[in-house]
Amino acid sequence: MARALSAAGAAAVLVAAPLAAPTPAVAAVSRAELALRWAPIHHQDVDATGTHALGGRSDYITRVDLDGNLDGRDNWDRAGQSGTSLAAHAYYSVVETSSHWYITYLFFHPRDWTDHPFFETEHENDGEGVLFAIERDGSAYGVLRAAVTVAHSDFFSYTPAGSTWISGRESVDGTLQFQASPHDTFPHPVTAQEAQGHGLKAYPQYAINGDGVVYYPSTVAETPSDGNDRDVRYQLVDIFATGGLWAQRANASLFAGLGTFAGDTSGDCGVGTFGCSTNSANAPWGWDDGNDVPARGELASDPAKLSAEYFTIPAGLARTYSHNPYATAAAALAEAARTAPPVVD
C-alpha cells in the first residue's frame, strides 16, 4: 500500500533525532539505539464513526507539532485540515542506573474524542504510553523485565514470560507478549491502544476490533494509507533532544502547566457530545495513578522508585541515577505533584 513518508526537512518544529537501525553487538549502544531496539510494535484500534473521528484519522499517532507549530490549543482544529501531517511518531526518554535502563514511550493523538452524547467528554490532545524496565545484564541491549502502561488515570503492570520480576505492592496485570518485526531482526514487545480515548495496555488486553493500524518502530515516519493499514513504520523522537518536549516544558502555548498539555474548547470539540474539557492531556512527567504510591510524573522521572513499588525484584536494583535529565527540574516536579489538579487523560 502506498504511504506518504514525512519529508526530510519538513516544517515540523521538534526535530526527530536521526536513528541508525540497531544491530546485535557486544559494544555499548547509544540511548537512541536502545530506544529503537525496545520500542513496541503498537496496535492502534481505529473508529471511523462520527465527524470527530475524521474518518479514523483521529486515532492515528503523530507529533505534537503535527501542524508545524507548538500551539497545543489548535491541534483539535488543525487535525482535520489539509497541510497537517499525520506521519507516525512516538516520543521516548531514557534514564539510567548502574543496574537498569528505563525507557518511557509517549504516543500522542491530537484528539481524545467520542461519538455519542452520553456521559463521556472529549478533549484536545491525548498523551498515553508505557515504561519498560530493562536489566543491564552485560549484553548490548539488556533484557526487558517489566512494563507499566498508562490507561487514562490508571497504570497497569506486565512482565514477559520467564521474567524474574513478580508482583510487589501492585499485582502484575498480565504477560507482556513479543512479536517479530518485518523491519528489523528483533522481537519487540507488543502494546495496544483503544480507539477514541486511547488508553494503552499490553496486547491483547487491548486489541484491534475491526479497523486498525499496526505500527512498527523504524527510522522513518509513514502515514497510514487508511484506517486499516497493518504495516506502518513510526519514527522515534527523543524527549530530551535540543528544543524537544522537555526543553519546551515551560512553553505556555504548548503546556498549561508542568506536564499538562494546553488544550481548549475551540472548534467542534464537545459538539454533539456530553462536553469538551480543557487542559486534559499529560506528558510523561505528568502521568499519575492517584491510587498508587509513586507520585505524579514519577513513572518517567523516577522509574526505579516506581519499579521497586510495583514489583518484587530478587536481584535488587540501583536507586541512584547515572543519567536522568528529569532531575534538573526535581523541585518543580515535586511541587507539581503536590499541587497540580488531577488530569484524567
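For this structure, a couple of remarks:
- Under the Karplus curve 6.51 cos²θ - 1.76 cosθ + 1.60, θ = phi - 60°, whole-Hz ³J(HN,Hα) for segment 44-54, x wherever Gly or Pro sits: 10, 5, 10, 10, 9, 7, x, 5, 6, 6, 6
- Dipole magnitude for segment 202-261: about 280 debye, using +1 per Lys or Arg Cβ and -1 per Asp or Glu Cβ, origin at the Cα centre.
- Residues Thr242 and Ala332, FRET efficiency given R0 of 25 Å [Cβ-Cβ distance, rounded to 0.05]: 0.80
- Farthest toward positive dipole pole in segment 54-139 [+1 Lys/Arg, -1 Asp/Glu at C-beta], among Thr121, Ala133, Gly55: Ala133
- A simple spin-label model places the labels of Ala252 and Ile166 5.3 nm from each other, with each point 7 Å out along Cα-to-Cβ.
- Relative to the 2.2 N^0.38 Å rule of thumb, segment 158-215 has a C-alpha radius of gyration ratio of 1.28.
- Spread of Cα-to-Cα distances over 5 Å intervals beginning at zero, given as percent, for segment 170-320: 2, 7, 10, 14, 18, 20, 17, 9, 3, 1, 0
- In a reduced charge model with +1 at each Lys and Arg Cβ and -1 at each Asp and Glu Cβ, segment 17-166 shows a dipole moment near 700 debye about its Cα centre.
- In plain terms, the C-alpha convex hull of segment 35-138 casts an average shadow of 8.3 nm² when viewed from every direction.
- Within the accessible surface of the chain, defined with a 1.4 Å probe on protein heavy atoms only, the carbon and sulfur portion equals 52 percent.
- What the pair-distance distribution of the chain shows, using all Cα-Cα distances binned every 10 Å from zero, is 6, 28, 37, 23, 6, 0 percent.
- FRET efficiency for the Thr51 to Val344 pair, using the beta carbon distance and R₀ = 25 Å, is estimated at 0.60.
- Segment 109-193 pair-distance distribution - Cα-Cα, 5 Å bins, rounded %: 3, 11, 18, 19, 16, 12, 10, 6, 3, 1, 0
- R0 of 25 Å, Cβ-Cβ distance Phe274-Asp154: FRET efficiency to nearest 0.05: 0.75
- Span from the segment 119-181 Cα centroid across to the segment 234-309 one, whole angstrom: 18 Å
The values are calculated or read from the model by the stated rules, or taken from the named source; none is laboratory data. The structure presented is a predicted model; accordingly, all values stated were derived computationally and were not measured. All Cβ positions, even for glycine, are placed from backbone atoms using ideal geometry, and neighbour counts span all protein chains on display. What goes into the accessible areas is simple: the full protein's heavy atoms, side chains included, and nothing from ligands, DNA or RNA. Shrake-Rupley method; radii C 1.70, N 1.55, O 1.52, S 1.80 Å.
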